[in-house]
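Below is one structure; the comments refer to it alone.
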Amino acid sequence: MKFRTLMLGAAASFAMAPMAMAERGADGNVNIIYWQAPSTLNPYLSSGTKDIEAASLVIEPLGRYDQNGALVPYLASEIPTVENGGVAADLKSITWKLKSGLLWSDGSPVTSADLKFTADYCMHPEGGCAQLAKFEGVEGVEVVDDLTVTVTFSEPKPNPYGPFMGGQSPILQAAQFAECLGARAPECTEANFGPIGTGPFTVTDFRPNDVIQMEANQNFRDASKPAFATLTFKGGGDAVGAGRAVLETGEFDYAWNLQLAPDVIAKMAEGGKGKTIAAFGSLVERLEMNMTNPSPDLPEGERSTAKHPHPFMTDLAVRKALSMAIDRDLLVEVGYGQAGRPTCNLVPAPALYASDNTDCLTQDIAGANAMLDDAGWVDSDGDGVREKDGIKLSILFQTSTNAVRQDFQALIKDSWAQIGVETELRNIDGSVYFGGDPGSPDTFQKFYADVEMYANNFDGTDPESYLAQRTCDKHPGPDTQWQGENINRFCDPAYDALVAELGKTGELEKRGEIAKKLNDMLTKESYSILPLVDRGRVSAHANSLGGVVLNTWDSELWNVADWYRIK
Amino acid sequence: MTDTLQIDPIEALKDKEPSKPPRSQWRDVWDQFRKHKGALFGGGFLLFITLFVIIGPYIWTLDAQKLDIRNKDMRPIYTWLWDGSAKIAWNRPLGTDNLGRDMLANMIKGGRTSLAVGWAAMVLALFLGTLIGVLSGYFKRLDGILMRFTDLVLSLPLLPLLLVAVTLFRQPLRAAFGPEEGMFILIVGVIGITSWMQTARIVRGEVLALKEREFILAARSIGTTPGKIITRHLLPNIMSPIMVSATLGLATAIITESALSFLGVGFPSDFPTWGKMLADSVPRMTEYPERVLLPGIAISLTVLSVNYLGDGLRDALDPRVRGR
């Protein structure tokens with residue numbers, strides 16, 4: 001027994017040896033480039049991926065998803081499950097326990113009050129929380145003791161890992177944000193630009209839409225991490241510049257989301273300074289069909305709200321014809337190559353939840369034309385554009401500025417021209433488009449266009465909160481500072497009912513069935529969302545940067561504490 | 001006989017017959033202009049490029065926006081000289097882009113927009129600049145206000161202003177004139193409104209100096225109205241500085257439009273302009289250099305030729321320089 005303990009100790013010290021040698025801040029500076037610049041570090045005020053991922057360096061959730069979609073405890077001592085008693089048997093509550101001894105970067109202890117505050121912050125009735133879907137069905141958050149909270153749900157919640165789980169729902173410090181509740185949330189500039197967190201880094205300088213300087217958090221829970229003393233997070237520019245900076249010139253160590261044509265990436269990789277990494281997740285490039293009228297003739301505050309239905313997008317035949325006219329194989333070939341596959345599903349993975357819906361994969365121009373003819377949309381004045389009752393099928397199609405997206409726009413416009421639909425293209429700088437600024441008319445939430453294109457995914461392996469984004473009450477609008485995830489203003493009571501049912505169903509098989517049905521309701525039954533490409537995430541890191549694990553289920557920077565310099 | 005030195009008094013009073021026909025002013029201008037080789041070349045090239053974009057579409061009838069994905073990434077035919085295996089075709093003399101759009105047709109269509117923006121913005125800036133310059137130079141009471149206003153506008157940075165203007169006015173103009181025309185009006189308007197100041201200052205200076213000269217005094221003393229003085233006496237005399245700022249303005253406008261397109265805030269993404277073609281080709285610059293070079297060279301040469309033309313015109317139009 002003694003001998004065995006000794007051996008174990010020896011083995012442990014061997015295993016620990018490289019860790020002990022690693023020292024916080026030993027590897028100097030690391031440069032990260034995101035070609036969309038973060039405009040805030042508060043993920044509850046922006047649904048932009050760039051903001052959420054930049055914030056993930058500073059503030060952390062209780063648990064994250066790893067590269068396989070499995071749950072890993074971060075601030076929590078363990079992931080609560082039914083087996084370990086953390087999740088109640090009736091699935092109506094979950095009890096989280098914080099690790100003991102956790103400190104905020106300002107030295108004060110992390111307590112359960114911070115957890116409760118975070119939930120109150122997002123669920124505040126006057127505030128427009130960008131991540132409200134994560135708190136779907138939450139009845140209350142009770143503080144049990146200093147380190148324990150219990151989240152109770154109004155209905156049995158088979159997937160209770162919504163609140164406090166994943167990069168979209170990190171913990172805010174109650175002391176810092178106490179004055180920032182509700183409608184005052186966007187006014188707390190200092191807190192939103194420099195949240196106090198538990199993550200491996202703290203903000204020293206934040207310039208919105210430009211660059212963030214960070215340094216290692218001296219109170220980080222693992223004394224040997226992070227290996228880097230400082231971190232520079234550069235935002236802005238374009239994907240080409242970011243790719244070149246890592247792969248060709250070596251100025252930066254990590255470049256996020258190289259959404260570039262396959263031939264361009266291959267050419268850059270010949271530079272030899274870095275390598276590309278790719279992984280498939282749930283990221284789907286899609287077209288959203290605006291169900292509400294974005295006409296500039298309507299008064300501000302009523303444009304693109306449920307008050308005014310769209311003049312022609314509300315016609316199923318139009319939406320279906322638009323989908324049929326698109327050649328998805330061609331789009332993949334032009335834009336993504338190996339890093340994409342054509343899809344008709346909003347939820348392309350994991351297999352349990354992915355519908356077998358493939359009816360959109362073959363382009364059918366003749367069929368689309370026939371469908372529009374039958375629906376009464378005909379070109380009566382001979383200008384090449386179909387009309388009905390004086391309404392022309394003329395579409396304003398917007399997306400962010402990106403070479404691949406502009407190629408897609410051109411190709412889709414060409415396809416739609418063949419079925420007598422006129423398209424006007426518009427592209428908006430990504431930092432503005434995804435910025436979530438309620439004052440800008442160009443955000444994707446405001447959706448002042450008929451069709452828009454972007455990509456989104458869900459974190460974790462369960463699409464429940466992702467699908468719950470499409471319920472009627474989540475329309476972005478002036479009353480919620482234009483936050484809200486139901487981007488295309490889809491509204492179907494049957495869908496809402498099914499989402500509620502999904503929330504009550506515990507059996508995995510059954511959940512899969514419901515999720516597939518929900519996916520089909522959004523895609524092949526209503527054509528309110530036209531999925532185009534299931535996108536692999538391609539990022540790049542310098543050859544000298546070690547420890548990078550590309551994660552498509554959570555923030556890409558999820559394990560930044562483990563990154564180190566290869567010497 | 002003392003009258004051997006007799007001069008016929010009538011002879012002295014007789015008019016001399018002109019030995020050659022009289023030269024018109026414009027002939028002198030042309031003779032002077034011809035001496036400036038750069039200006040001659042510049043004028044010739046500008047004429048060529050203008051004809052190229054105006055007549056071009058009738059000769060080369062391919063639609064610039066037509067996608068032809070099977071024939072994408074073609075090289076210009078001259079590539080064949082050093083690379084026999086390059087993908088070329090005689091019906092695509094300058095190759096195609098990554099979606100199979102014909103480069104030649106794009107050059108023509110893009111040049112149309114770029115030149116139209118350049119000319120229109122230049123004319124607008126010239127009109128505003130001359131008007132404000134003359135008014136403030138001639139009427140002392142307006143001078144203070146107008147020149148302070150000029151200083152104010154001069155201190156505005158152009159590109160950020162353009163970005164704000166695009167955000168604010170795109171919607172109403174789009175609704176009124178359609179996406180492309182609306183954007184055209186917006187860009188021309190904003191460039192014109194923000195680039196008249198140099199002209200105004202130069203014109204004001206010239207007017208201030210001229211209006212103290214005797215011929216203006218003479219004109220005023222016989223009761224000529226200020227309007228007539230300006231149009232008959234002042235404007236013809238300040239023609240040469242106006243011409244020079246016009247050419248410079250044209251060049252600036254083309255470059256500003258290219259910069260805007262390059263930043264992606266100008267025309268819709270499928271509407272070609274030289275600046276946009278340049279911006280779109282940057283990612284594949286190393287493989288297909290011609291896609292950057294062709295529009296880039298077109299912009300540079302146009303701007304250069306306009307500058308030379310302006311230089312030559314100034315020399316030719318100024319009677320004090322002429323003949324030297």
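The values are calculated or read from the model by the stated rules, or taken from the named source; none is laboratory data. This one's a predicted model, so the numbers in the text were calculated from it and none came from an experiment. Here the Cβ is made from the backbone with ideal geometry for all residues, glycine too, and neighbour counts use every protein chain on show.
Among the criteria (1) out of contact with any strand residue (DSSP E or B) (no Cβ under 9 Å at 6 or more places or on another chain); (2) in contact (Cβ under 8 Å) with a residue 12 or more places away in the chain, the one A:S394 does not fulfil is (1). Among the residues making up the stretch B:61-94, those that are surrounded by fewer than 14 Cβ atoms within 10 Å (Cβ to Cβ) and assigned to a loop (DSSP other than H, G, I, E, B) are B:T61, B:D63, B:K66, B:W82, B:D83, B:G84, B:S85, B:A89, B:W90, B:N91.
Under the condition of being among the basic types (K, R) and either in contact with a strand residue (DSSP E or B) (Cβ under 7 Å, 6 or more places away or on another chain) or at pLDDT 90 or above (or both), which residue from the stretch A:245-276 is nearest to A:V347 (Cα to Cα)? Out of the qualifying residues, it is A:K275. Report, by residue number, each residue of the stretch B:150-197 that is surrounded by 15 or more Cβ atoms within 10 Å (Cβ to Cβ) and farther than 27 Å from B:R112 by Cβ. Of everything in the stretch B:150-197, those that are surrounded by 15 or more Cβ atoms within 10 Å (Cβ to Cβ) and farther than 27 Å from B:R112 by Cβ turn out to be B:T150, B:V153, B:M197. Would you call B:I55 of a type in the set (V, I, T) and more than 30 Å from B:A316 (Cα to Cα)? No, not satisfied. Inclusion of A:S431 among residues that are touching a residue at least 24 places away in the same chain (Cβ under 8 Å), surrounded by 22 or more Cβ atoms within 10 Å (Cβ to Cβ) and within 19 Å of A:L41 (Cα to Cα) is warranted. Within the stretch A:173-203, the set of residues being part of a strand (DSSP E or B) and of a type outside the set (A, V, I, L, M, F, W, C) comprises just one member, A:T202. Selection of helices (runs of 4 or more DSSP H) fully inside the stretch B:143-243 by the criterion of at least 2 residues being without any contact (Cβ under 8 Å) to a residue 24 or more places away in the chain and either among the acidic types (D, E) or away from chain A (no Cβ under 14 Å) (or both) returns B:179-193, B:214-221. Screening A:A223, A:A229, A:A279, A:A239 for residues that are within 20 Å of A:V334 (Cα to Cα), surrounded by fewer than 22 Cβ atoms within 10 Å (Cβ to Cβ) and either in contact with a strand residue (DSSP E or B) (Cβ under 9 Å, 6 or more places away or on another chain) or not charged (D, E, K, R) (or both) leaves exactly one candidate, A:A279. The single condition among (1) touching a residue at least 60 places away in the same chain (Cβ under 8 Å); (2) under 25 Å from A:D297 (Cα atoms); (3) assigned to a loop (DSSP other than H, G, I, E, B); (4) more than 9 Å from chain B (Cβ to nearest Cβ) that A:M453 does not meet is (3). Going through (1) closer than 30 Å to A:K504 by Cα; (2) touching a residue at least 24 places away in the same chain (Cβ under 8 Å); (3) surrounded by fewer than 18 Cβ atoms within 10 Å (Cβ to Cβ) one by one, A:D106 falls short only on (1).
Return yes when B:E257 is away from chain A (no Cβ under 14 Å), crowded, with 23+ Cβ neighbours inside 10 Å and acidic (D, E) and no when it is not. When the stated conditions are applied, B:E257 passes them. Restricting the search to helices (runs of 4 or more DSSP H) fully inside the stretch A:335-435 and requiring at least 2 residues that are within 14 Å of chain B (Cβ to nearest Cβ) gives A:403-417, A:430-433.
Per-residue answers, yes or no, for (1) farther than 30 Å from A:T230 by Cα; (2) in contact (Cβ under 8 Å) with a residue 60 or more places away in the chain:
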{"position": "A:E485", "(1), (2)": "yes, yes"}
{"position": "A:N519", "(1), (2)": "yes, yes"}
{"position": "A:P531", "(1), (2)": "yes, yes"}
{"position": "A:V548", "(1), (2)": "no, yes"}
{"position": "A:I566", "(1), (2)": "no, no"}
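Taking the conditions (1) without any contact (Cβ under 8 Å) to a residue 12 or more places away in the chain; (2) in contact with a helix residue (DSSP H, G or I) (Cβ under 7 Å, 6 or more places away or on another chain) in turn, A:E190 satisfies each one other than (2). Being more than 25 Å from B:A246 (Cβ to Cβ) and outside any loop (DSSP other than H, G, I, E, B) is a condition met by no residue of the stretch B:111-129. Out of curiosity, is A:A113 surrounded by fewer than 16 Cβ atoms within 10 Å (Cβ to Cβ), at pLDDT 90 or above, of a type in the set (A, V, I, L, M) and touching a helix residue (DSSP H, G or I) at 6+ places or on another chain (Cβ under 9 Å)? So A:A113 fits the description; yes. Residues considered: B:M107, B:M103. Of these, the only one that is more than 14 Å from chain A (Cβ to nearest Cβ), out of contact with any Phe, Trp or Tyr (no Cβ under 9 Å at 6 or more places or on another chain) and modelled with pLDDT of 85 or more is B:M103. Check whether at least one residue in the stretch B:184-198 is hydrophobic (A, V, I, L, M, F, W, C), modelled with pLDDT under 80 and out of contact with any helix residue (DSSP H, G or I) (no Cβ under 6 Å at 6 or more places or on another chain), and report yes or no. There is no residue in the stretch B:184-198 that is hydrophobic (A, V, I, L, M, F, W, C), modelled with pLDDT under 80 and out of contact with any helix residue (DSSP H, G or I) (no Cβ under 6 Å at 6 or more places or on another chain). Of the residues making up the stretch A:283-299, those that are in contact (Cβ under 8 Å) with a residue 24 or more places away in the chain and out of contact with any Ser or Thr (no Cβ under 7 Å at 6 or more places or on another chain) are A:E285, A:R286, A:L287, A:E288, A:P296.
In the stretch A:436-446, is there at least one residue being within 30 Å of A:Q67 (Cβ to Cβ), within 12 Å of chain B (Cβ to nearest Cβ) and either surrounded by 21 or more Cβ atoms within 10 Å (Cβ to Cβ) or among the charged types (D, E, K, R) (or both)? No, the stretch A:436-446 has no match at all. Based on this model, can you work out whether A:L71 counts as surrounded by fewer than 16 Cβ atoms within 10 Å (Cβ to Cβ), farther than 20 Å from A:V144 by Cβ and out of contact with any Asp or Glu (no Cβ under 7 Å at 6 or more places or on another chain)? No: the conditions fail for A:L71. Within the stretch B:296-324, the set of residues being surrounded by fewer than 20 Cβ atoms within 10 Å (Cβ to Cβ), modelled with pLDDT under 85 and among the small types (G, A, S) comprises B:G323 only.
Reported count of residues in the stretch A:418-454, each being of a type in the set (G, A, S) and modelled with pLDDT of 90 or more, is 2. Condition check for A:A133 on (1) more than 21 Å from A:N486 (Cα to Cα); (2) in contact with a Phe, Trp or Tyr (Cβ under 8 Å, 6 or more places away or on another chain); (3) in a helix (DSSP H, G or I): one failure, at (1).
Scanning the stretch B:267-290 for residues that are facing chain A (nearest Cβ under 10 Å), closer than 19 Å to B:P179 by Cβ, part of a helix (DSSP H, G or I) and touching a residue at least 40 places away in the same chain (Cβ under 8 Å) yields a count of 2.
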